[in-house]
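J.: Structure incoming, see below.
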Protein chains: 2
Amino acid sequence: MTQGPWLNEAEQRVWRSYLSMRNRLTTHLARQLLRDFGLSPQDYEILVCLSETPGRRMRAVDLGQATRWEKSRLSRQLSRMEQRGLVCREPAPGVRYPEVVLTEQGFATITEAAPAHAAAVRAVFAEALAGEQLDRFAEACAAIENRLDEVEADDSR
Amino acid sequence: MTQGPWLNEAEQRVWRSYLSMRNRLTTHLARQLLRDFGLSPQDYEILVCLSETPGRRMRAVDLGQATRWEKSRLSRQLSRMEQRGLVCREPAPGVRYPEVVLTEQGFATITEAAPAHAAAVRAVFAEALAGEQLDRFAEACAAIENRLDEVEADDSR
């Protein structure tokens, strides 16, 4: 009996369970960030990247690699954040392209938002997975990423 | 020693592992759907909902509940799909609002796309998680959703 391309019943159930969890978790955390700090998840991700980098500045190309966003998407995102005073673009000595710099306001925003976001992630994610379950979940995520590496290496051959 | 709002090192590692997996898996499947069938993941979700419903038609309000999208987002999405001939809105007898109906073209599209999408999900998700790992993963997803139910019930009190 060949299975064809279809997921069997158990696989289908796990896949739908994952999609449902992913959608609800993403929505829950996004709503909280927007309601309490006026931030989108994308704003938050950029602010975290910059705040964790020495000098709180990065080349756009490195931000692109860190976020894995396409150039045009990143550029639009940074323009919106620049208009709101969260980041600015500054010419850097000896570098052809300007760097993206976290502003004082951007730093104050992430300093305020990060503990609340961490608490929310703990409440609905980390504390939901007891002890060993947390490790098993990380192993599953790593297994999926390894498979993605393999499949994408095949595709680009 | 109180932990404060922050994730400990192990929790932080699992959370980042999940975010990375989620982003890569979503991007991988979205690229394939777009490249091979010109569909966004949102198009795909709507087409699946309609194709699985008797008569291949649903009220917009039921589609909204099935997808958990907000009304304005769903409405814009359906307009775009209507322009491309994938769905249409038809007045329904005895119902105040028109129903969303899968067109012949929409049905042909999902019939072609679904096996390819299922094969991709199997390759990078279901087959990446061996035997018991698949069940453990579903249990973790369910635990997170249960926690979301609790937290959101508290919030709305």
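J.: If you go through region B:21-35, how many residues are open to solvent by less than 40 Å² (accessible area, probe 1.4 Å) and at the interface with another protein chain (Cβ under 7 Å from one of its Cβ atoms)?
T.: Of the residues in that region, 4 qualify.
J.: Across region A:42-65, what is the number of residues that are surrounded by fewer than 15 Cβ atoms within 10 Å (Cβ to Cβ) and at pLDDT 95 or above?
T.: 0
J.: Only one of B:56, B:73 is among the basic types (Lys, Arg) and under 29 Å from residue A:70 (Cβ atoms). Can you tell me which?
T.: After applying the criteria, what remains is B:73.
J.: Hey, can you tell me all the residues within region B:32-65 that are in contact (Cβ under 8 Å) with a residue 24 or more places away in the chain and not in a helix (DSSP H, G or I)?
T.: Those that are in contact (Cβ under 8 Å) with a residue 24 or more places away in the chain and not in a helix (DSSP H, G or I): B:39, B:57, B:58, B:59.
J.: Another question, if that's okay. Please state which one of A:126, A:116 is within 8 Å of chain B (Cβ to nearest Cβ) and either of a type in the set (Val, Ile, Thr) or touching a residue at least 12 places away in the same chain (Cβ under 8 Å) (or both).
T.: Within the list A:126, A:116, the selection yields A:116.
J.: What's the number of the only condition in (1) farther than 28 Å from residue A:29 by Cα; (2) touching a strand residue (DSSP E or B) at 6+ places or on another chain (Cβ under 8 Å) that residue B:35 fails to meet?
T.: (2)
The values are calculated or read from the model by the stated rules, or taken from the named source; none is laboratory data. The structure displayed is predicted, hence computed values, not measured ones. Positions of Cβ are generated from backbone atoms using ideal geometry, with glycine treated the same way; all protein chains shown enter the neighbour counts. We work out accessible area using only protein heavy atoms, side chains counted, and drop any ligands, DNA or RNA first. Shrake-Rupley method; radii C 1.70, N 1.55, O 1.52, S 1.80 Å.
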